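Working notes for the structure below.
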Amino acid sequence: MEPLFNVRSQSEIYIGPVKDILPGVLPEGRVVVISDSSIDRLYRPMLEKYDPVLIGLGESIKTLQTVESIYRRFIELGVDRSTFVLAVGGGIVTDVAGFAASTYMRGLKFGFVSTTLLGQVDASVGGKNGVNVDGYKNMAGTFTQPRFVICDPGMLRTLPDREFRAGLAEVVKAAIIADADLFERIENTTFEALRSDTDLLSDAVSAAIRVKADIVERDEYESGDRRKLNLGHTLAHAIEKCSNRMNHGEAVAVGTALIAGAAVKLGVLTEADRDRIVHLLMQLGFDLTPPVEVKRLLKEVGKDKKNEDGMLRIVLPVGIGDCEVRPIEMDAFAALFI
């Protein structure tokens, strides 16, 4: 099977059944698999021929300590530079595994089988790998492209509704950034239809990946256009730091709605387009009430790693399918929410 996308001629992205694609993309030689206990339970027959490296579940294990435990397991298994690392799991697994693989022995080749919607449309694509430090998101990491990413929409059937919905926040984000047609297609469907119709879902996954792949092609290291992929994330990361009530996608939905409101205040987004954004997120089942006061979120925003010389680089929607990145002083940003 031919890849649907090829990011920077280094990372092939496939959409389709993993059982058909994986044998053709794995290199000859030794493979070790990094996954978690849930994935191991669901897909053991597919993975049992490889040495397993299991990590824990949830955002709290996305740490340097987990990476260190992977290094120790690699040493125990005799992993060397000829070993290929296959990460099978959601965004947390691929973020941690990509970081461990790209730093162990100064870098091993690796690939991903992405098993969550959030991972397929965002986390696993684009070569960003990393872990959190003291709760601050992705403070340690690398830009290293996986050799391949396999996105099998059939694997998403095992996801709970809440996890599936979390991924839809990133699909909506991609649509706002650069695909007005995708936004309209999601407006004209329902959460239930996306859950049950594999063709509809494959279309949404493919369109969202295309937005990300096109941007990463132009800007791998986030010096320009790639910043647009952070739409809603400045406030989302603050939400995740201040509260454990929301998962990443839920926080992105709230952050996107808040930043759309700020864009209206700045005069760059119409009220009608803001209302479309808010309505679509609510239609998909998101609660857009921040779990803590916005004042508290703004305190955390000042510590964001994207804060350079006292200036935030804020992504503002300027229409459905169009965004801009604007430098804003912290005080001026905070004033938009008063």
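Where does the chain land at 222 nm, in deg cm²/dmol rounded to the nearest 500, when only DSSP H runs of n ≥ 4 count, each adding -39500 (n - 2.57), divided by all residues?
Details: 13 runs with 154 residues, N = 338.
Helices in the chain give a 222 nm mean residue ellipticity of -14000 deg cm²/dmol.
Which shape class, rounded, prolate or oblate, goes with segment 275-336 when its Cα gyration tensor gives a ≥ b ≥ c as root eigenvalues, a/c under 1.5 marks rounded, and past that a/b bigger than b/c marks prolate? Provide the component values of the computation, followed by the final result.
Values: a/c = 2.64, a/b = 1.39, b/c = 1.90.
Here segment 275-336 falls in the oblate category.
For I15, nonlocal amide neighbours, meaning residues 5 or more places apart or on other chains whose placed amide H falls under 5 Å from its own, are L4, C151.
The Rg/Rh ratio for segment 216-338, using Cα coordinates for both the radius of gyration and the Kirkwood hydrodynamic radius, is 0.94. Peptides 166-172, 21-27 ranked from most to least packed give 166-172, 21-27, packing being the mean of other C-beta atoms within 10 angstrom over each peptide's residues. The C-alpha atoms of the chain define a longest principal axis, and helix 248-265 lies at about 30 degrees to it. The HN-Hα couplings worked out from phi for segment 155-166 by the Karplus form 6.51 cos²θ - 1.76 cosθ + 1.60 (θ = phi - 60°) are 5, 6, 5, 7, 6, x, 3, 4, 5, 5, 4, 4 Hz, whole numbers, x standing for Gly and Pro. Counting only alpha carbon atoms, the long axis of helix 271-283 and the longest principal axis of the chain meet at about 40°. Ligands, DNA and RNA are left out, and with a 1.4 angstrom probe the accessible area of the chain is 43 Å² per residue. Against the chain, whose longest principal axis comes from its Cα atoms, helix 233-242 is set at around 80 degrees.
Highest-first packing order for the peptide set 190-199, 294-303, 141-150 is 141-150, 294-303, 190-199, based on the mean count of other beta carbon atoms within 10 Å. Per-residue 3J(HN,Hα) values for segment 13-18, derived from phi via the Karplus relation 6.51 cos²θ - 1.76 cosθ + 1.60 with θ = phi - 60°, read 10, 10, 10, x, x, 4 Hz in sequence order (x marks Gly and Pro). In whole percent, and with a 1.4 Å probe on the protein chains, what portion of the accessible area of the chain is carbon and sulfur? Result for the chain: 49 percent of the exposed heavy-atom area is carbon or sulfur. Summarised in one figure, the compactness ratio Rg/Rh of segment 72-124, Cα atoms and Kirkwood Rh, is 1.01.
A protection proxy built from the mean count of other Cβ atoms within 10 Å ranks the segments 239-250, 118-129, 55-66, most packed first, as 118-129, 239-250, 55-66.
The values are calculated or read from the model by the stated rules, or taken from the named source; none is laboratory data. Just so it is clear, the structure is predicted and the values come from calculations on it, not from any experiment. Don't worry about glycine lacking a Cβ; one is built from the backbone with ideal geometry, like all the others, and counts go over all protein chains shown. Just the protein is used for accessible areas: all its heavy atoms, side chains included, with ligands, DNA and RNA removed. Shrake-Rupley method; radii C 1.70, N 1.55, O 1.52, S 1.80 Å.
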